[in-house]
Structures are given as C-alpha cells and as structure tokens.
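One structure is given here, and the rest of the page talks about it.
What follows draws every value from the coordinates through simple rules; no lab data is involved. This structure is a prediction, so every number in the text was calculated from the model and none was measured. Every residue, glycine as well, gets a Cβ built from its backbone with ideal geometry; the counts of neighbours run over all protein chains shown.
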Amino acid sequence: MRIAIIDTSTTRAAIISDGLREAGLTDLVIIDHAAGLAAQIERAAPEVVLINLENPSRDMLEDFFAMSRVLARPIAMFVDQSDAESTSAAVDAGVSAYVVDGLAKQRIKPVLDLAIRRFQAFSRLQAELAEARTALADRQAIDRAKAILMKRKGLDEPAAYALLRNHAMRSNRRIAEVAEAIVTSEALMGDMP
C-alpha cells in the first residue's frame with residue numbers, strides 16, 4: 001500500500017515514516033506541502049494520505065480540507081491543537097481520522113487502519129445512498145409513465161406496467177429508461193392528440 005506523508009516538519013515526517021516502516025509498510029512518499037500539493041499527490045498516486053500539521057492556521061486547514069474533499073482516498077490528519085469548528089470541518093471534508101495531540105510512532109498504524117476502515121464504511125454508505133436515490137428516481141419515472149399510459153390508452157395500473165415491462169424487454173432496456181422516455185415525450189408533446 002502506497003502512503004503519502006504530508007508534514008510541515010521533516011522531523012515529524014521521519015517519526016511517521018519510522019512508525020509505518022516498523023509496521024511493515026514501506027511504500028512511502030514524502031510530499032512537500034509548500035509546493036504544488038495536488039500535483040504531487042496525483043503523481044504519487046497513494047492509496048492513503050497521512051497529514052501532520054503542528055499548529056495549523058485556519059487558512060492552512062481550509063486548504064487541506066479543500067484537498068480532502070477532492071481526494072477519493074482515506075486521509076488521516078494529525079494536529080497538535082484543534083477546536084470544535086476545525087474538527088467539524090475535518091469531518092465534513094472527508095478526513096477519515098482526525099487526531100488531536102496524538103502523534104506517536106506506535107499509534108500511527110492503528111490510526112491508519114482506522115482511517116481506511118472509516119473511509120470504506122463511508123464509501124459504502126455513499127454508494128448505498130446513490131443507489132437509493134437512483135431507485136427512487138426510477139420509481140418516480142415509472143409511476144409517471146404508468147399514469148401517462150393509463151390516461152392516454154385508458155389502461156389500469158397493472159396493464160400500464162405490463163406494457164412498460166414488455167416494451168423494455170423487447171427493446172432490451174431497463175423499465176426506468178422506457179419510463180423516462182415516455183415522460184420526456186409527454187413533456188415535449190403535451191396535450192397533442
């Protein structure tokens with residue numbers, strides 16, 4: 001597993017590197033936070049990002065949180081001090097583990113494991129949410145298409161659904177796609193005979 005380490009101090013970056021190596025993780029990339037952070041991370045292509053900030057300013061935290069939002073990978077962030085607002089911002093930005101005043105060599109691997117697990121759990125929840133939203137949108141399109149068919153063709157609900165299903169099977173498309181086409185056609189054609 002490739003791990004990117006971002007630190008404002010080379011001494012602390014060495015502590016993190018040592019802790020990871022002792023845990024058997026050797027594919028490490030040290031990233032200079034002062035020069036083109038996003039480009040360096042993109043080139044390194046890490047699976048996990050560890051960030052250690054001694055006394056981050058609000059602007060520095062905001063920059064890292066903005067980066068966190070666009071990275072689709074686990075991020076563990078160590079800070080020496082924080083407040084409730086920064087902690088909330090870190091969680092909202094997608095930081096998987098936000099550790100305050102807890103940088104110790106022996107804690108790095110457990111925090112890394114936690115960040116990975118939390119990221120995976122969050123990713124599963126996001127996928128489930130997206131799936132539920134798609135299913136709801138599909139259901140709404142099917143219901144609207146059934147209503148259109150019932151009105152236009154004088155069908156009852158089971159017959160309208162059967163017509164949708166049969167057309168979907170014949171055209172090798174999903175029922176929701178056929179329904180969406182009917183709804184779109186109705187919107188374009190309106191009340192034309």
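Using a Gaussian network model of the chain in which every pair of alpha carbons under 10 angstrom is joined by a spring, one finds that among MET77, MET60, MET169 the greatest mean-square fluctuation is at MET169. In a fully extended conformation the segment linking GLU131 and GLU54 would gain 23.7 nm over its present Cα-Cα distance, using 0.36 nm per residue. Extension gain for ARG117 to ALA147 (0.36 nm times residue separation, less C-alpha to C-alpha distance): 6.3 nm. The computed Rg/Rh (Cα atoms, Kirkwood Rh) for the structure shown corresponds, within (1) 0.94; (2) 1.27; (3) 1.02, to (2).
A crude spin-label estimate for the pair ASN172 and ASP138, with each label 7 Å from Cα along the Cβ direction, gives 1.9 nm. Computed from label points 7 Å out along Cα-Cβ, the spacing between THR184 and GLU22 is 6.0 nm. Extension gain, SER9-ALA104: 0.36 nm per intervening residue step, less the Cα-Cα distance, totals 32.7 nm.
Over region 118-173, the hull volume per residue, using the convex hull of the C-alpha atoms, is 77 Å³. One Cα centroid belongs to region 12-84, the other to region 97-140; the line between them spans 17 Å.
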